[in-house]
1. Specify the residue that is nearest to LEU142 (Cα to Cα); the eligible residues are those in segment 101-110 that are buried (at least 23 other Cβ atoms within 10 Å of the Cβ) and more than 9 Å from the chain's Cα centre (by Cα).
2. Consider GLY123 against the criteria (1) out of contact with any Lys or Arg (no Cβ under 9 Å at 6 or more places or on another chain); (2) at pLDDT 90 or above: it satisfies all of them except one. Which criterion is unmet?
3. Of the residues ILE27, ILE37, only one is at pLDDT 50 or above and of a type in the set (A, V, I, L, M, F, W, C); which?
4. Please go through segment 160-202 and pick out each residue that is assigned to a loop (DSSP other than H, G, I, E, B) and among the basic types (Lys, Arg).
5. Return the residues of segment 111-149 that are surrounded by 17 or more Cβ atoms within 10 Å (Cβ to Cβ), touching a residue at least 24 places away in the same chain (Cβ under 8 Å) and over 16 Å from PHE84 (Cα atoms); say none if nothing qualifies.
6. Looking at segment 86-96, can you tell me whether even one residue there is part of a loop (DSSP other than H, G, I, E, B), crowded, with 21+ Cβ neighbours inside 10 Å and at pLDDT 90 or above?
7. Would you check if ASN152 is surrounded by 15 or more Cβ atoms within 10 Å (Cβ to Cβ), out of contact with any strand residue (DSSP E or B) (no Cβ under 7 Å at 6 or more places or on another chain), closer than 22 Å to PHE200 by Cβ and modelled with pLDDT of 85 or more?
8. Working only within segment 144-159, note down all residues that are assigned to a helix (DSSP H, G or I) and not aromatic (Phe, Trp, Tyr).
Amino acid sequence: MEKFNLNSISSQNRQFELLDSNVNTSINLQQSNNPEIKSEIITEWRNKIYNHQFKISKDNHNKTLHQTSLPIHTSSNEIKIDPFSLQPLSLNFWRTNKYIHNGPAMYFVIDSMESSKIILYIGETNSANKRWKGAHDCKNYLMNYKEALAHNNLSSHQDIRFFLDVPKEVKLRRKLEQQLIYLWLPPFNKETRGRWATTFTNN
C-alpha cells in the first residue's frame with residue numbers, strides 16, 4: 001500500500017494555494033445567524049468548498065481506504081487518511097449504546113447533500129467517546145447551518161467520523177490535526193473560516 005509523508009501535506013496544500021491564489025473563494029454572505037440566506041448563496045459557498053476538497057480526494061483516489069483505521073508509524077511520521085471512507089456515525093452517537101473507542105482520535109464532521117460530500121470540521125481528541133458530548137462551537141455552527149438549509153428546503157445530512165489510530169502524544173496529534181485542516185480547509189475550523197467567508201459561526 002502506497003503511503004505519503006505527513007510533512008508532504010503542507011507542501012501539497014501550498015501547491016493548491018498557489019494555483020488558487022488569484023481566485024476569490026469568498027462569498028458575500030449575509031450576517032451570521034440569519035436563516036434568510038438565499039439558496040443559491042449557500043449552494044455556491046458549498047460548491048467552492050467541495051471543489052477544493054474534491055481535488056484532494058481525486059489526487060488520493062487510488063489510495064482509498066476501506067476500513068475505519070490504519071496503522072500509524074509515528075517513527076516515520078507517515079499516515080494516510082481518507083475521511084470520506086470512515087464509518088459515519090450520528091452526531092448524537094453518545095446518546096446511543098453504540099460503542100465508541102474511548103482513546104485518542106481524529107474526528108471529521110461531514111455534510112452530505114445530494115450527490116456530494118464536504119468536510120465541515122476536523123478535530124482531535126484524547127477521548128473519542130467524550131469530546132462531542134459537551135459544549136462545542138461546531139455544534140452551534142451546525143445548528144445555524146441546518147436552519148439556513150431548512151429555510152431553503154435544501155436536503156442535507158451531517159455525521160461524524162473517527163480515525164482511531166493516531167499518536168497518543170497530544171503534540172503530535174495536534175500537529176496532525178493542523179496539517180489535515182490546512183489540507184482539506186474545512187469551513188468551520190477557525191483557521192479557515194476567513195477563506196470561505198463562513199457564516200453560521202456567530203462571529
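The values are calculated or read from the model by the stated rules, or taken from the named source; none is laboratory data. This is a predicted model, so every value here is computed, not measured. Every residue, glycine among them, receives a Cβ derived from its backbone with ideal geometry; neighbour counts consider all protein chains shown.
1. MET106
2. The single condition GLY123 does not satisfy is (1).
3. Testing whether each residue is at pLDDT 50 or above and of a type in the set (A, V, I, L, M, F, W, C) leaves just ILE37.
4. LYS168, LYS190
5. Within segment 111-149, the subset surrounded by 17 or more Cβ atoms within 10 Å (Cβ to Cβ) is 111, 113, 117-125, 128-129, 131-132, 138, 141-142, 144-146, 148-149.
Then drop every residue that is not touching a residue at least 24 places away in the same chain (Cβ under 8 Å), which leaves 111, 113, 117-124, 128-129, 131-132, 138, 141-142, 144-145, 148-149.
Result: GLU124, ALA128, ASN129, ARG131, TRP132, CYS138, TYR141, LEU142, ASN144, TYR145, ALA148, LEU149.
6. Checked segment 86-96: at least one residue is part of a loop (DSSP other than H, G, I, E, B), crowded, with 21+ Cβ neighbours inside 10 Å and at pLDDT 90 or above.
7. In short, yes.
8. ASN144, LYS146, GLU147, ALA148, LEU149, ALA150, HIS151
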